[in-house]
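The values are calculated or read from the model by the stated rules, or taken from the named source; none is laboratory data. Just so you know, these numbers come straight off a predicted model, no measurement behind them. Note: ideal-geometry Cβ built from the backbone for every residue, glycine included; neighbour counts use all protein chains shown. Please note that ligands, DNA and RNA were not included when accessible areas were found on the heavy atoms of the full protein model with its side chains. Shrake-Rupley method; radii C 1.70, N 1.55, O 1.52, S 1.80 Å.
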Amino acid sequence: QMQFVESGGGLVQPGGSLRLSCTASGSIFRFIEMAWYRQSPSSSREPVARVGTAGSTKYADAVLGRFTISRDNAKNTVYLQMNSLEPDDTGVYYCNMVPPKRPWGPGTNVTVWS
């Protein structure tokens, strides 16, 4: 059973940056499309960025140009570089497959606050 562990969140001021990491267990990581999902205090869990098996990427409009998703198949890890953070980016960030068929990990909390 594939499992995910997210890390890298924290408290940051508007305009700041964070880099999130998600490590997956199992041997099929390199064969699946992955995404970062965000659950905000006022909304449901939604995808913000996705990366295909060959590295193609797609972003939600709200983060386009500010966030960059990448993956390292040798490390079973997917990253999310978040720049120019805004208060609306606050939430718990999770990684999972596309669609999210596996159990959710603990997530990592991002708070953008001045």
For region 7-25, give me each residue that is farther than 17 Å from residue 106 by Cβ and of a type outside the set (S, T, N, Q).
11, 12, 14, 15, 16, 19
Taking the condition open to solvent by 60 Å² or more (accessible area, probe 1.4 Å) and of a type in the set (S, T, N, Q), does residue 76 pass?
no
Which members of region 48-80 meet the condition of being without any contact (Cβ under 8 Å) to a residue 24 or more places away in the chain and basic (Lys, Arg)?
58, 66
What residue, among those in region 26-71 that are open to solvent by less than 30 Å² (accessible area, probe 1.4 Å) and among the hydroxyl-bearing types (Ser, Thr, Tyr), is nearest to residue 110 (Cα to Cα)?
40
Within region 89-96, does at least one residue satisfy the condition of being assigned to a loop (DSSP other than H, G, I, E, B) and either open to solvent by less than 80 Å² (accessible area, probe 1.4 Å) or out of contact with any Lys or Arg (no Cβ under 9 Å at 6 or more places or on another chain) (or both)?
yes
When both residues are 6+ apart or on different chains and their Cβ atoms are under 8 Å apart, which pairs have a first residue that lies in region 1-15 and is open to solvent by less than 60 Å² (accessible area, probe 1.4 Å), and a second that is charged (D, E, K, R)?
2/102; 4/102; 8/19
Return the residues of region 98-114 that are under 13 Å from the mean Cα position of the chain (by Cα), part of a strand (DSSP E or B) and under 22 Å from residue 64 (Cβ atoms); say none if nothing qualifies.
108, 110
